[in-house]
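Written below as structure tokens is the structure these notes are about.
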Amino acid sequence: MTRLTPDLIEGVPDDKLDLDQRLLKATGKTVKGIALEAAGLPEDTDLSGFKAAAIPITSGMGIIGGFSASVDAIVRRLGMDCHVTEGTDVLGFSQAVADGCDIMMMADDRMFVAYNSRERKYTDNSWGTAKGYSVALKNAAGGLEGKDVLVIGAGMVGSWAVRFLMEMGANVSVTDIIHEKADRLAKIGARPLTDIAAAISEHTLLLNAAPFIIPGEIIAEGSIISSPGVPHYYDQVGRSRAKAIIHDPLEIGAAVMAVNSAGYSLRKRLPDN
Ligand code: 2YJ
């Protein structure tokens, strides 16, 4: 995840992006629906028993204006109780513990986690983002069994996405400007491709996990693009050729993290576990 900037997330706390409506149109599911599927939990799961906290972290490059408020709003939209701690860093963490919080959401420059203090387990943002955007692509495509999917970018999110899409039955190709990174994923069954433009033109199901802006003229008509990568921009040609472009700056990944973290407690109570 590239470092977010306040302008990228300014619409998140008030849901100005209207993400649920856009996701419903593209995938038939809301953010919560995608997060529950990503976490392997039933569609009607009630998350109101969880108390979460968003803890501002000042280390490294410091606070991102609106980040904790955005995470707080995202978690509350899932039906959990949540607040931003008054203190930052270790003080904020200790306040969350003293408040009896079950899930602590916190990010520095390298790691963003949802820590479940009941189970002493965490879900990180790369996993959550890859899982959420893979589930979104699967729903938008009406299933992925036997279908060709291209993952652009073989970093943390792209590498997880390759695994998840393969588990969903897709034939996964992967491309990265650093060819060796894509080559490494051949070991787990992905097909590395070196010509990025040709790879994009030849696929209609894409997961763009790279900080790469795809020129519209190489996008195939009717493509479905699940696109967590930042910066996010599709030109007029790309937008008109694509059937759906799924993107938000923070919410899908953070929602999957929070729900999956709650899932450490909930899955223990499901009948088949
Ligand atoms: O609490 C704050 O306001 C800041 N410390 C938030 C920092 C958010 N972190 C990022 O944007 C990092 N690039 C996250 C890296 C996650 C890797 N998956």
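Assorted remarks:
- Dipole of region 128-246 [Lys/Arg +1, Asp/Glu -1 at C-beta], most positive-end residue of Val230, Trp160, Ile218: Trp160
- Take every pair of alpha-carbon atoms less than 8 Å apart whose residues are at least six positions apart; their mean separation over the length of the chain yields a relative contact order of 20 percent.
- Residue with peak Gaussian network fluctuation, the chain [Cα springs, cutoff 10 Å], from Val230, Val135, Val90: Val90
- Region 223-264, relative contact order [Cα under 8 Å, separation at least 6], %: 45
- Straight-line cross-link partners of Lys268 among the lysines, defined as a Cα under 21 Å from its Cα and at least 8 positions apart when in the same chain: Lys32, Lys51, Lys121, Lys131.
- For the chain, built as a Gaussian network whose Cα springs stay under 10 Å, the top-fluctuating residue of Ile57, Ile225, Ile34: Ile57
- Note on region 99-145: with charges restricted to the Cβ of Lys and Arg (+1) and Asp and Glu (-1), its dipole about the Cα centre is near 160 debye.
- Among Thr45, Thr175, Thr85: highest mean-square fluctuation, GNM of the chain, C-alpha pairs under 10 Å: Thr45
- Of the complete DSSP H runs in the chain, those spanning 18 angstrom or more by Cα along the long axis with a mean Kyte-Doolittle score not below 0.5 are 251-266.
- Chain lengthening between Ala197 and Thr58 when straightened (0.36 nm per residue, less Cα-Cα): 46.1 nm
- About the Cα centre, charge dipole magnitude for region 128-246 (Lys/Arg +1, Asp/Glu -1 at Cβ), debye: 360
- Near Ile245, once Lys and Arg are set to +1 and Asp and Glu to -1 for all other residues with Cβ below 14 Å from its Cβ, the sum equals +2.
- Annotation for Asp44 and Arg76: the two label points, set 7 Å from Cα along the Cα-Cβ direction, are 2.8 nm apart.
- Summed side-chain charge close to His179 - residues other than His179 whose Cβ falls under 15 Å, Lys, Arg +1, Asp, Glu -1: 0
- Normalised contact order of region 128-246, rounded percent, pairs of Cα under 8 Å and 6 or more residues apart: 25
- Most to least packed among 123-130, 7-14, 209-216 [average Cβ atoms within 10 Å]: 123-130, 209-216, 7-14
Here, each number is a calculation from the coordinates, and none is a lab measurement. None of these values were measured; they are calculated from a predicted model. Cβ atoms come from the backbone with ideal geometry, glycine included; neighbour counts cover every protein chain shown.
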